[in-house]
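No value in this document is a laboratory result; all are computed from the given coordinates. What you see is a predicted model, and the numbers here were worked out from it, not measured in a lab. Cβ placement follows ideal geometry from the backbone for every residue including glycine, while neighbour counts extend to all protein chains displayed.
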Amino acid sequence: MVGAGRSGTTVLASILGEVPGCASAGEIRWLWERGVLDGRPCGCGEKPATCPVWSKVIEACLSTPGPDGVLPTVQSIVAAQQRLDETRHRLRVLRGAGGGDEDPALRLVRHVTGLVVRSFAEASGAGVVIDTSKRPLDAAVMAQVPGIDHYVLHMLRDPRAVAHSWRRAKSFSVGEETRTMGTRKLPATVRRWVANALGTEAVHRHVSPDHWKRLRYEDFCAQPVESMDELLSMMGVPGRPPFEDAGTVRLRPNHIVAGNPSRFTVGSVRIRVDEEWKTAMSRRDRMLVTTSTWPLLHRYGYPWRA
Ligand SMILES: [Zn+2]
C-alpha cells in the first residue's frame, strides 16, 4: 500500500488480514528500525523479537546470506534503508521500480524485503501478504523483488483531513504502557502529502494497470464491503472479510508491525469517516492546504471547498 500517513492504511490492512489466505504484516519498512531496534510492539502486543511470527522472520533474514554472500545484520539493513532514503538517491530508487539498478544498498534491501515477505507468509500460513509501508520508495523496491506477484493499492485521503489528523495528539495503550502518536505541523504534512502523491505517480508508470488500484479513504468508508470486494477481486482472492453488516467488521488480534495504533483494536469495529476537519479546521488553514495541494487535489476528485 502507498499513501500518506493517516489515510486509513492500517485499518484497511487490519480488515484485509481477516480474509482467509491473507495476512497483514504492517509497515515492513519499519520492522528493523522501529520494530527490532526500538522494540515497538507488534499488533499481538509482543516486541517483534519475541512475537511468534516476527521472531521467525527476523531469524530467517539474519541467517540467510545477502547478495554479496555476507550475512546481513540489523545495522547493515538499517544503514542500507537509510541510504536509499537520502534525497540524492530517492529518485533513482523510484526509477528502479522499472528494474536495472544494481546499487549494493538497493540489492540488499530488495533481498531482505523478499525474505521478509516470504517468511512472513510461511510463518502466518498465508499466500497474500499485506504491506502498509506507504512510501512510494518502498513500493519501488517491492516491485523488483523476484518471485513476488506485486499489487499496489494507492490509498488517498483528502489532504485537509490528513493535515488536521496529524495535528491531533492521539494516545493509546499497549499492555500497561500509554504512548502518544507523534504530531506534525501543517506545512510538513502538506509537503509529505504532495511528495507521496508525486512519488506514487512515478511508481505507477512501472506497475501493470491490472495490478494497480486507487482507493480514496472517503469512498472506502462510504462503501467498505464493495471497496473490499473490488480489491480482493483484483488480487484473485476468493475470500471476504468478516463483515457483520454493511459498515461493521469483526477484527481479531494480528501481527501488524509498526503503523497506526489502530492495529491493537479488536472486536466489532464500526467503519466511520472522520471528517472533523470540515468543522474544526480554520478557514485559513483549509485554504493553505487547498492551494498547496492543487492541482493534485483536483486530479483525485476532491473539491476546492469542503
Ligand atoms: Zn506479533
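Per-residue ellipticity at 222 nm from helix content only, as computed over the chain with -39500 (n - 2.57) for each DSSP H run of at least four residues, stands at -12500 deg cm²/dmol.
Cut-off 18 Å, label point 7 angstrom out along Cα-to-Cβ of Ala188: give me the residues of the range 136-164 whose amide nitrogen falls inside. Residues 160-164 qualify, since their backbone N sits under 18 Å from the label point. Taking θ as phi - 60° and the Karplus parameters 6.51, -1.76 and 1.60, the scalar couplings of the range 64-81 work out to 10, x, x, x, 8, x, 9, 5, x, 10, 4, 5, 5, 5, 4, 4, 5, 4 Hz in sequence order, x denoting glycine and proline.
Distance between the pseudo-spin-label points of Arg299 and Asp103 (7 Å out from Cα toward the beta carbon): 2.3 nm. Relative protection proxy for 59-70, 157-168, from highest mean packing down: 157-168, 59-70 (other beta-carbon atoms within 10 angstrom).
Taking Thr189, Thr279, Thr73 in turn, the Gaussian network model of the chain (Cα-Cα springs below 10 Å) assigns the largest fluctuation to Thr279.
Positive end of the dipole of the range 1-97 (Cβ unit charges, origin at the Cα centre): among Trp54, Gly39, Val78, the Cα lying farthest that way belongs to Val78. Here the chain carries DSSP beta bridges of which approximately 50% are antiparallel, counting only pairs with both residues inside. Here the range 1-159 is assigned +1 on the Cβ of each Lys and Arg and -1 on the Cβ of each Asp and Glu. Its dipole about the Cα centre then comes out at about 320 debye. Once the Cα-Cα distance is subtracted from the 0.36 nm per residue extended length, the Thr178 to Arg240 segment shows a gain of 19.0 nm.
Spread over its residues, the convex hull of the C-alpha atoms of the range 9-299 is 132 Å³ per residue. Descending by average beta-carbon neighbour count within 10 Å, the peptides 10-21, 200-211, 41-52 line up as 10-21, 41-52, 200-211, the highest first. Pairs of lysine residues in the chain that meet both criteria, 8 or more places apart or on different chains and Cα atoms under 26 Å apart, total 11.
Considering only Gly127, Pro67, Ala169, the residue lying farthest towards the positive end of the dipole of the range 59-171 is Ala169, judged by Cα position with unit charges set on Cβ.
Compute the Cα gyration tensor for the range 1-115, then decide on rounded, prolate or oblate, letting a ≥ b ≥ c be the square roots of its eigenvalues: rounded whenever a/c is under 1.5, prolate when a/b is larger than b/c in the other cases, and oblate in all that remain. Cα axes put the range 1-115 in the oblate bin.
Take every Cα pair under 8 Å whose residues are at least 6 apart in sequence, average their separation, divide by the length of the range 143-237, and the relative contact order is 35 percent.
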